[in-house]
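Everything below concerns the one structure shown next.
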Amino acid sequence: MNSLFEIIAFLLIGSLTLGAAVAAVGLRDTVHCGLSLAVVFVGVAGLYLLLDAEFIGFIQLLVYVGAVAVLVMFVILITRPEDGVIQQPDRRRQKLPGALIAAGIFLVTYGAIMQSPSLRRDVPEPAALSIRAVGEALVSGHLLPLMAIGVLLTTALIGAALFAMEGEDGK
Amino acid sequence: MLPTETHPQTQRNRPALNFAARRPWSTLALLIAAVLVVGAGVLFLLNLKAPGLLTGAVVAAMGDPGQAPLILKAGLLHYLETAWSCAPWMLELTSIFIVIGTLLSVFGVIFALTSLVERKMLARIQNRFGPNRAGPWGLFQPLADAIKMLTKEDIVPTGADKVLHLLAPITMLVPALLVLAILPYGPGMVPVELGVGILFFFALGATTEVGVFMAGWGSNNKYSLLGAMRSIAQMISYEIPLFLAALAVVMLSGSLSPDAIVSAQDGYVFSFVPHWFVFTPWGFAGFLLFFTAALAESNRSPFDLPEGESELVAGHMTEYSGFKYAVFFMAEYIGLFAICGFAVTLFLGGWHAPLPWLEWIPGYLWFFIKLYALVLLAIWVRGTVPRMRGDHLMGFAWKFMIPMGFAVILAAAVWHYAGGGVPGWLASAVIVLMPYLALGRVVAIQYPASRRVYRFSES
C-alpha cells in the first residue's frame, strides 16, 4: 500500500514536473514560462519530500519559489514590454546550437550520475541526516565557507543599496 | 397624494419583518435547541448499529474535556471498526478526513464569525451600528454574504489571461490552508508532526506571492498590476523581520518543530508568571516585530497599500467578482489566522494556560482564545491607524525592522549565555533598547515630523 502510494505520487509529481519543464521552454508568453518554472520548482520540492528529505524540500520551496521565481516575475513586471510579449529571436536558427547544448549537458549529467557511488548496490544505506547535524557541521567544520558566503551576501546587499541610492538622486 | 407613496406614519407603525433581529435571545435559544435535538437524533440512529459504543465515547469525552477531541475521534474510529467492520486503509483515510474536516469547519466558522466581528468592531470604532438586520445581532450576515457571493455573476475581463485569472485565487488559498496542518492546537493535537514545521510555514508563505502575481498579471488591469507589484515588494521586505523574529525563538528552543517550541514554554516563574517567550526582553521585542510583520504579510491596515481603496480600487483583486473574490477574501482571513496562530505558538506559549489555577480549561480553548485575541488586536489596529505611505513602508521595513530583528537575535543569544535570570534580563533588555532608541533617532532625522500641509484646500 505504502510503496504503491509512493509510486503513484512519484509518477504524478514527475510527470507534472516534466510537463511544466517542457512548458517553461516552449511557451511563447514570458509570464507563462516564468510561472511554469515555478511549477517545476514546486515539483522538484515534492520529489525531495518523497525522498524523506523534508529540510531540502522546504528550502527548495523557500528559495526557488519564494525568491527565484518571484525575482523572475519582478523582472517581468519592471521591464514590461508594450505588447506584453517579449520579442524572441528566430527559432530556426537556434535549433542546432540548442540541440548541441542539450546533448552536451545530458552527456555530462549522465556521466556524473553513472560515476556516483550511490548507484552501487553494495554501499550501505547512509544514516538519516538530521537538521541538527547539518547545523552543527555548518558552524564547526565549515565555518569559514559559511562566513565567506555571509561576507559575499553582505557585499552584494551594500552594492544593491548603493545602486538604489544613486538612482534616487537622479544621477 | 399618489396611492403608491407611503405615509411616514404608516411606515413607523409597520410590524417588524425581522423577528430574529428583534428578539435575538429567543432566536439563539431556538437555534441551539434545534442543533441539540438533531445531534441527539443522529447519535441515537448511529447507536442502533452498536449500542453504547458512541454514547460511551461521548460520555468519556465529557469526563476529560482536555482530551475530548482525541477521545471522540478514537471512539468514532472504534465504532466504525466494530459496527461497520471497515478495513484498516478505510480507517486510516477516515482518520485523515476527520482531522481535515474538523480543521476546515472550525476555521470556516471562525472565518464567518470574524467577517462579522470585524465589521461590527470597525462600526463601533467609527460610531456606527454595523450589520444588525440579518438574524440576532446580525449573526446571519456571513450567511447572507455567502449567498450573495455565490449567486453573483463571475466576470472575467476580455483581455484577461483566463488561466491565470482562474488559478490565482486557488494558489492563494491552498498555502493558507496547508499552514493550518502544523499548528499545535493542544496537548497531543498536532495534525501533522513535522520536524521542520517553522520552515514549512515560511516556505508556504513564500508561495502566496506567486498567487498575488498571477492575480495582478492575469487581470490585465493597471490597478491590479500596480497592487500586485506593491504587494510582492511588501511581502518580500516584511518576510525578513518575520523570519528573524522566529529565528530567535528557534535558537533558544533548539528546534524547528512547533510542538517542541510550545513545550519549551512550559512552567511558571514564581508560580504565576508563565514561561512564555513574550515575557523576556528579546521575546517581547520579537513578538512586536513578528506581529507587525504579520500585519504586513497579510496585507492588513496600516500596511494595506496593495489594496488601498482610495488609490487602487482593490489592488490585485480589482477584476474579481463573485465566488473568486470570496476565495481571495477567505485566503486573506485564513492566512491571518494561521500567522496569528504561529505568533501564539512562537511567543505566547501555544496552548499553555496563562495562570496555574486556570489549567482546568482545555488547552485547545486557550489556543483559540489567544489566537482570537490577536485577530481582535489586528482589527483594532485597522480601525485606528491610518494607512502608511509607500516610501515610509519600505523604509520602515529595511531601516528599522530588519536591524531590530538582528538586535533581537543578539539579545536572545546573550540571554541564552547569561542563563536567564536577572543578569540575562538586564543584558538583553539593554541590547534590545539601545538599537531601538538609536534607530528611532535616525529614522526621526530622515523623516522629520512636520505639520501636514493641504496643498489644495488651504491657501
> How much area per residue is accessible in segment B:152-442 when the probe is 1.4 Å and only protein heavy atoms are counted (Å²)?
Replying inline: 39
> In what sequence, largest accessible area first, do A:M73, B:M121 appear using a 1.4 Å probe?
Replying inline: B:M121, A:M73
> On the accessible surface of segment B:152-442, probed at 1.4 Å, how many percent belong to carbon and sulfur atoms?
Replying inline: 73
> For segment B:359-414, what mean projected area does the convex hull of the alpha carbons give, in nm²?
Replying inline: 6.4
> If B:S271, B:S237 are ordered by their accessible area, calculated over protein heavy atoms with a 1.4 Å probe, which sequence runs from highest to lowest?
Replying inline: B:S271, B:S237
>> Using only the alpha-carbon atoms of segment B:115-161 as identical scatterers, what base-10 log of I(q)/I(0) does the Debye formula give at q = 0.29 Å⁻¹?
In response: -1.01
>> Order B:L204, A:L138 by their accessible area, 1.4 angstrom probe, all chains in place, largest first.
In response: A:L138, B:L204
>> Using protein chains only and a probe of 1.4 angstrom, how many square angstrom of B:K49 are accessible, to the nearest 10?
In response: 110
> What is the Rg over Rh value, at two decimals, for segment B:219-369, using alpha-carbon atoms and the Kirkwood definition of Rh?
Replying inline: 1.08
> Highest mean first, what order results for B:402-412, B:137-147 on Cβ atoms within 10 Å?
Replying inline: B:402-412, B:137-147
> In square nanometres, what is the average projected area of the Cα convex hull of segment B:152-442?
Replying inline: 15.8
>> Please report, in whole Å³, the volume per residue of the convex hull around the C-alpha atoms of segment B:329-386.
In response: 90
>> Principal axis extents for segment B:173-247, Cα atoms only, whole Å, descending order, please.
In response: 49, 24, 16
> What are the DSSP H helices in chain B that stretch 18 Å or more along their long axis, judged by alpha-carbon atoms, and whose average Kyte-Doolittle hydropathy comes to at least -1.0?
Replying inline: B:24-47, B:68-83, B:88-125, B:162-179, B:197-218, B:222-253, B:281-297, B:322-347, B:363-384, B:402-418, B:421-446
>> Report, in listed order, any pair from B:K162/B:K222; B:K148/B:K324; B:K370/B:K399 with a Cα-Cα distance greater than 19 Å.
In response: B:K370/B:K399
> Based on Cβ point charges of +1 for Lys and Arg and -1 for Asp and Glu, what charge dipole magnitude is obtained for the protein assembly as shown about its Cα centre, in debye rounded to the nearest 20?
Replying inline: 1540
> If the viscosity is 0.692 mPa s and the temperature 37 °C, what translational diffusion coefficient in µm²/s does Stokes-Einstein give for the protein assembly as shown when Rh comes from Kirkwood over Cα pairs?
Replying inline: 116
>> Let me confirm one metric for peptide B:208-221, namely the mean number of other chain beta-carbon atoms within 10 Å of its residues' beta-carbons.
In response: 4
> Pulled fully out, how much extra length does the chain show between B:A60 and B:K399, if you take 0.36 nm times their separation in residues and subtract their Cα-Cα distance?
Replying inline: 116.5 nm
>> Let me confirm one metric for peptide A:56-69, namely the mean number of other chain beta-carbon atoms within 10 Å of its residues' beta-carbons.
In response: 5
> With every protein chain present, what accessible area does B:I334 have (1.4 Å probe, heavy atoms only), rounded to the nearest 10 Å²?
Replying inline: 0
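The values are calculated or read from the model by the stated rules, or taken from the named source; none is laboratory data. Bear in mind that the values here come from a model prediction, so they are computed numbers and not experimental data. Cβ: placed from backbone, ideal geometry, glycine included. Neighbour counts: every protein chain shown. Side chains included, ligands, DNA and RNA excluded: accessible areas come from the protein's heavy atoms. Shrake-Rupley method; radii C 1.70, N 1.55, O 1.52, S 1.80 Å.
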